[in-house]
Amino acid sequence: MPSRTTGLNRAKATRFLSAGFISIVLGLSLTPGTAQAQAGTAVCKRDLFVLESTLSNALRNLEAVAQASDDAKCSAYRKHVDVMREASKTFTRCTTGRERQENVTQMDASVADFQALIRSRCAKP
């Protein structure tokens, strides 16, 4: 039976995902001009398109381990941190202005939140 803490951590992780990724994924799909930041515009358009799919898959992967063992959750959390770090790099390279600032800040904050979750819930960092 999951403890109250487990339920709170799961809710916290889900909240981070729901608020962060969904708004970013929707923002990407609603703003086609975001790839103008780099000389290789076509490259950034492709990278942002791929990122949208990657973030959606990451959300599904976390949802899939919601009822799994702590080891499986911790592994998924670590993989998720890697995805968010790469997303931050892509946003830094391929977006500009306020959009860039918001997306990068959101990804970096989510990385920090998941790292705290990993430290509190997982055996190895």
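Overview of values
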read-out: Residues located in the range 58-72, provided they are surrounded by 12 or more Cβ atoms within 10 Å (Cβ to Cβ), closer than 18 Å to M84 by Cα and either touching a Leu at 6+ places or on another chain (Cβ under 7 Å) or of a type in the set (G, A, S) (or both); value: A58, L59, L62
read-out: Subset of the range 84-117 that is hydrophobic (A, V, I, L, M, F, W, C), buried (at least 18 other Cβ atoms within 10 Å of the Cβ) and over 13 Å from the mean Cα position of the chain (by Cα) - its residue that is nearest to A42 (Cα to Cα); value: C94
read-out: Residue check, S75 small (G, A, S), under 17 Å from M107 (Cα atoms) and surrounded by fewer than 20 Cβ atoms within 10 Å (Cβ to Cβ); value: no
read-out: Pair list, Cβ under 7 Å, 6 or more apart: the range 67-96 residue closer than 19 Å to R119 by Cα and without any contact (Cβ under 8 Å) to a residue 24 or more places away in the chain, other residue of a type outside the set (G, A, S) and surrounded by 19 or more Cβ atoms within 10 Å (Cβ to Cβ); value: A72/V65; A76/L62; A76/V65
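Table: residues versus (1) at pLDDT below 95; (2) among the aliphatic types (A, V, I, L, M).
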{"position": "S3", "(1), (2)": "yes, no"}
{"position": "T14", "(1), (2)": "yes, no"}
{"position": "I22", "(1), (2)": "yes, yes"}
{"position": "Q38", "(1), (2)": "yes, no"}
{"position": "V43", "(1), (2)": "yes, yes"}
{"position": "R85", "(1), (2)": "no, no"}
{"position": "R93", "(1), (2)": "yes, no"}
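The values are calculated or read from the model by the stated rules, or taken from the named source; none is laboratory data. A quick note: this is a predicted structure, and the numbers were derived from the prediction, not measured. Neighbour counts run over all protein chains shown; Cβ positions are idealised from the backbone, glycine included.
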